[in-house]
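Reading through the structure tokens given below for one structure.
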Amino acid sequence: MLEIKDLRIRFYTRERDAVGGINLTVNDGEILGLVGESGSGKTVTAMAIGGLLDRAACDVSGQILLDGTDLLTLDSARFRKVRGKTLGVVFQDPSAALDPLMKAGRQAEEALLIHTSMTKKERKAAVLQAFAAVELRDPERVYDSYPHELSGGMQQRVMIAAALVTDPSLILLDEPTTALDAGVQAEILALLKRLNAEKRISMLLISHDLSVVRRACRRVAVMQRGRIVEEGEAEALFSSPAHPYTKRLLEAIPLSRLRR
């Protein structure tokens with residue numbers, strides 16, 4: 001599925017590598033959690049996977065293999081054929097990611113417009129089906145709504161539906177619940193687990209919050225200062241963390257939030 005080999009990223013304006021030679025694998029049908037504090041390198045890693053780094057501003061080496069294709073060898077035009085089709089991306093703040101002047105349905109259709117030969121009627125039907133799959137009530141109303149007419153949780157469900165609509169093999173989720181309140185956060189995590197179980201879509205869930213990845217992931221990698229310092233099954237990592245940094249992350253979270 002996704003295999004990252006010796007990924008190194010250094011911005012020309014910084015002395016230290018943002019990512020210092022990491023190796024990471026997301027297996028078919030799993031949700032892997034990548035967790036670390038702000039500045040640990042996890043978001044830069046996500047940007048590299050999603051083809052969103054300004055390559056003129058940094059030096060990137062290693063490999064990011066998605067179904068055998070090294071994403072780092074693709075130019076922007078070739079990457080656009082992957083992103084939105086084989087690779088879906090869900091960002092942290094849906095209100096910032098969604099175009100406020102475009103209705104939700106049209107935005108969710110964009111990947112289908114780019115990557116398929118579907119008719120307008122077929123695209124709408126596919127989006128309505130995706131909206132139903134992410135448990136949006138009244139998909140027709142949501143389809144014709146502008147983002148500001150939807151709650152934060154509904155906006156994030158629209159983003160997830162837009163990522164799902166082309167049946168990608170991998171979805172990259174960069175802090176998908178950070179902007180949501182606790183109740184909606186729990187609903188979104190439950191939704192991701194259900195979609196993963198039903199559709200067998202692999203997911204890389206990036207978060208600064210260990211309680212989030214514990215609720216959604218069976219396997220977790222912990223990142224600090226651009227390196228993976230610990231990786232393993234979630235239950236084992238939470239019950240017996242081996243690295244001091246992981247222990248500090250756990251100690252900073254109230255016990256009630258670490259319970260499933």
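The values are calculated or read from the model by the stated rules, or taken from the named source; none is laboratory data. A quick note: this is a predicted structure, and the numbers were derived from the prediction, not measured. No Cβ is skipped: glycine too gets one built from the backbone with ideal geometry, and neighbour counts run over all protein chains shown. Remember, those area values only see protein heavy atoms, side chains included, never the ligands or the DNA or RNA. Shrake-Rupley method; radii C 1.70, N 1.55, O 1.52, S 1.80 Å.
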**OP:** Pairs to check: 5/81; 121/193; 103/124. Give those whose C-alpha atoms are more than 18 Å from each other in this structure.
**Re:** 5/81; 121/193
Subject >> Dipole of the chain, positive end: most advanced residue of 63, 41, 95 [Cβ charges, Cα centre] >> reply: 63
Original post:
Which distance in nm do the two modelled labels at residue 15 and residue 149 give, with both placed 7 Å along the Cα-to-Cβ direction?
Top reply: 5.4
**OP:** At 0.36 nm per residue, minus the direct Cα-Cα distance, what do residue 129 and residue 73 gain on full extension? Give it in nm, one decimal, please.
**Re:** 16.7 nm
Subject >> Positive-end residue of 213, 242, 252, charge dipole of the stretch 189-260 with Cβ unit charges >> reply: 213
Original post:
Taking Rh as the Kirkwood radius computed over C-alpha pairs, what is the Stokes-Einstein D of the stretch 1-57 at 20 °C in a medium of viscosity 1.002 mPa s, expressed in µm² per second?
Top reply: 174
Original post:
Ignoring ligands, DNA and RNA, what percent of the accessible area of the stretch 184-239 is carbon or sulfur (1.4 Å)?
Top reply: 45
Subject >> Directionally averaged shadow of the chain, computed from the convex hull of its alpha-carbon atoms, nm² >> reply: 13.8
Original post:
In whole Å, what is the distance between the alpha-carbon centres of the stretch 211-240 and the stretch 71-87?
Top reply: 28
Original post:
For the chain, with every protein chain kept in place, what is the accessible area per residue (1.4 Å probe, Å²)?
Top reply: 48
**OP:** State the percentage of accessible surface on the stretch 1-78 attributable to carbon and sulfur atoms; use a 1.4 Å probe and exclude ligands, DNA and RNA.
**Re:** 44
Subject >> Projected label distance in nm at residue 242 and residue 95, using a 7 Å step from Cα toward the beta-carbon >> reply: 4.2
**OP:** Starting from 0 in steps of 5 Å, tell me what percent of the Cα-Cα pairs of the stretch 94-223 lands in each bin.
**Re:** 2, 10, 22, 22, 21, 13, 6, 3, 1
**OP:** For every helix of n ≥ 4 consecutive DSSP H residues, a contribution of -39,500 (n - 2.57) applies; sum these over the chain, divide by its total residues, and give [θ] at 222 nm rounded to the nearest 500 deg cm²/dmol.
**Re:** -11500 deg cm²/dmol
Original post:
How high is the relative contact order of the chain, given as a whole-number percent (alpha carbon pairs under 8 Å, six or more residues apart)?
Top reply: 27
Subject >> Accessible surface of the stretch 96-146, 1.4 Å probe, proportion on carbon and sulfur as whole % >> reply: 53
**OP:** Report the extension gain between residue 37 and residue 227 in nm, rounded to one decimal, defined as 0.36 nm multiplied by the number of residues separating them, less their alpha carbon distance.
**Re:** 67.2 nm
